[in-house]
Amino acid sequence: MARDIALYTAARFGLVAVVAVLLMLAQVPVLVAIAVSVVVVMPLSLLVFGTLRRRVAVGMAERTKDRRERRERLRAELRGDAPADAE
């Protein structure tokens, strides 16, 4: 999952850079180009990187589920509902 998150983050930053450079080539000031590219890339990345975004979301959901299950097992052990060695 960490690899997918890193790839998605790098892809989004790369897209921001590409859009900013294109705007700067069109004689837009640097700060304005960066600000506009950040705003433009937010919805654009949902479309362009949809598959990668879904992989990240699935990985995060699985990890959340695992953490929730471990937390519930720990709470059950603390209440005395389950033996300490049961998994």
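The numbers here are math on the coordinates, done by the rules we state, and not lab data. Everything quoted here is computed from the prediction, not taken from an experiment. In this analysis, Cβ positions are derived from the backbone assuming ideal geometry, glycine residues included, and neighbour counts consider all displayed protein chains.
Applying a threshold of 8 Å to beta carbon distances and a minimum spacing of six or more residues, or different chains, the list of pairs starting in the stretch 38-56 at a residue that is free of Cβ contacts under 8 Å to residues at least 12 places away in the same chain and ending at one that is surrounded by 11 or more Cβ atoms within 10 Å (Cβ to Cβ) reads Leu46/Arg53. Of all the listed residues (Glu77, Glu69), the sole one being surrounded by 11 or more Cβ atoms within 10 Å (Cβ to Cβ) and among the charged types (D, E, K, R) is Glu77.
Go through the stretch 52-74 and give me each residue that's touching an Asp or Glu at 6+ places or on another chain (Cβ under 8 Å) and within 18 Å of Ala6 (Cα to Cα).
If we filter the stretch 52-74 for residues that are touching an Asp or Glu at 6+ places or on another chain (Cβ under 8 Å), which is where we start, we get 52, 55-56, 59, 73.
Listed by number, the residues that qualify are Leu52, Arg55, Val56, Gly59.
Out of Ala26, Ala61, Ala2, which single residue is free of Cβ contacts under 8 Å to residues at least 60 places away in the same chain and surrounded by 10 or more Cβ atoms within 10 Å (Cβ to Cβ)?
Ala61
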